[in-house]
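This report concerns only the one structure given below.
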Amino acid sequence: MIEQLRALPLKERIGQLFFIGIPGPEADDATRELLQKINPGGVCLFARNIREADQTRKLLDDIRDVSKVTPFLSIDQEGGLVDRLRRVMTPMSAANKMRNAADAERLAEIIAETLRILGFNMDFAPVVDVIDAERAKHTNGLFSREFGRSKEDVVAMAGAFLKTLQDNGVIGCVKHFPGLGAAKVDSHEELPQVDVSENELNEIDLYPYRELLATGEAKALMAAHTAFPRIELQETDQSGKLLPSSLSNNFINTLLRGTLGFDGLAITDDLEMGAIVKNYGIGDACKMAVGAGIDMLAICADPHAIREGHRAILDAVNSGELSEGRIDESLVRIAGLKSILAEPLEFNADRFGELSDEVAAFNEELSRDKGITRTYA
């Protein structure tokens, strides 16, 4: 796989660093032209792309057909508030409804089979942010998306979810590094400044990463757009503003790659979120992220932003601002993960309907037993 990527022209190798969204439910001429021009390493679908089960499978098959290299085909399928499939099947229960690791495994089994029938090979889940009772008071976009109420809960249940998802042929992606649990604002709107101490970050927010990275199950990770004013690693940009962790050499290269020893795939959260676009142009943000050690750049909506980001990285490599060696480092990680992607399952409308019924039954069980004491072992 790495030789296949290295054989591509430079602009197409750079395209592999992009994880993009597409406009609508069909691979129309404009979408095909975008895919052919950028040659993205990954495509993520959203609710706007999903109308029917068979339509979604056709869209993903068409993306595969037009792609020179099999892309990561992902979705944010967590359940609860982040359920992109609710139009086509019974809505799934949120992570915070899981009572134990067995529940998390069951949810992952259903999600994995569903996604592979639809043609996906990756899921931007699970969330491993730690949200205790005090942190839950804040409005930060994470309501109901957390597993349990402690770092141990997160490791037990998110870890079970991740392993089961991947055992069933769908690559997971833990998020949001280094931790959004204590954020008081939503990074979709603005850059959160998380007021935690060095000890709190290390002992609580980084705990799930240390534990899950040690198992080898965490193969992909999503970097958050957030700042930590009390943390020594926190950098400032050229204008003196706090630098988002997703664009920070200290957080990605020093902490994630160095201290934590992660050599898997690092993906940014969507670079079109307010935390980034209110402070940086998309091209500059892309260059900063790659320079910091990020492998893939998520730009999830605007085709113009995707083209601008791609052009910025291409220009930076041609000018020597970014080295081809740096691009190669990410291509090795991308190729390594692509080499283990599972093929989609045969599309089976009857089985898809059965899975929807299984979701309904699981939801009913969780609702009926909501008073049961949680156990996370």
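Think of segment 2-368 as a dipole: +1 on every Lys or Arg Cβ, -1 on every Asp or Glu Cβ, centred on the Cα centre; then among 254, 185, 327, 327 lies furthest on the positive end. Report, in listed order, any pair from 11/58; 163/241; 68/151; 151/338; 58/287; 184/287 with a Cα-Cα distance greater than 32 Å. Violating the 32 Å Cα-Cα cut-off are 163/241; 68/151; 58/287.
Could you grab the relative contact order for segment 224-377? Cα pairs under 8 Å, six or more apart, rounded to a whole percent.
Across segment 224-377, relative contact order equals 18 percent.
Each peptide among 258-267, 124-133 gets the average number of other Cβ atoms lying within 10 Å of its residues, and from highest to lowest they stand as 124-133, 258-267.
When the convex hull of its Cα atoms is viewed from all sides, the chain shows a mean projected area of 17.0 nm².
Measuring max minus min along each principal axis, the C-alpha atoms of segment 253-377 give extents of 60, 37, 34 Å (largest first). Using Cβ point charges alone (K and R +1, D and E -1), the dipole size of segment 100-171 about the Cα centre works out to roughly 160 debye. With neighbour counts taken as other beta-carbon atoms within 10 Å, the residues 70, 139, 56 rank, fewest first, as 139, 70, 56. Judged by the ratio a/c of the largest to the smallest principal axis of the C-alpha gyration tensor, segment 120-183 counts as prolate, that ratio being 1.5 or greater while a/b is larger than b/c.
With N as its number of residues, segment 1-57 has a Cα radius of gyration that, divided by 2.2 N^0.38 Å, comes to 1.28.
Relative to the Cα centre, the charge distribution of segment 235-377, modelled as +1 at Lys and Arg Cβ and -1 at Asp and Glu Cβ, gives a dipole magnitude of about 520 debye.
Relative to the Cα centre, what is the charge dipole magnitude of the chain, using +1 at the beta carbon of each Lys and Arg, -1 at the beta carbon of each Asp and Glu, and rounding to the nearest 20 debye?
Computed about the Cα centre, the dipole is about 220 debye.
Since every read-out is calculated from the coordinates, none of them should be taken as a lab result. Please read these numbers as outputs of a predicted model, since none were measured by experiment. Reconstructed Cβ throughout: ideal geometry from the backbone, glycine too, with neighbour counts over all protein chains shown.
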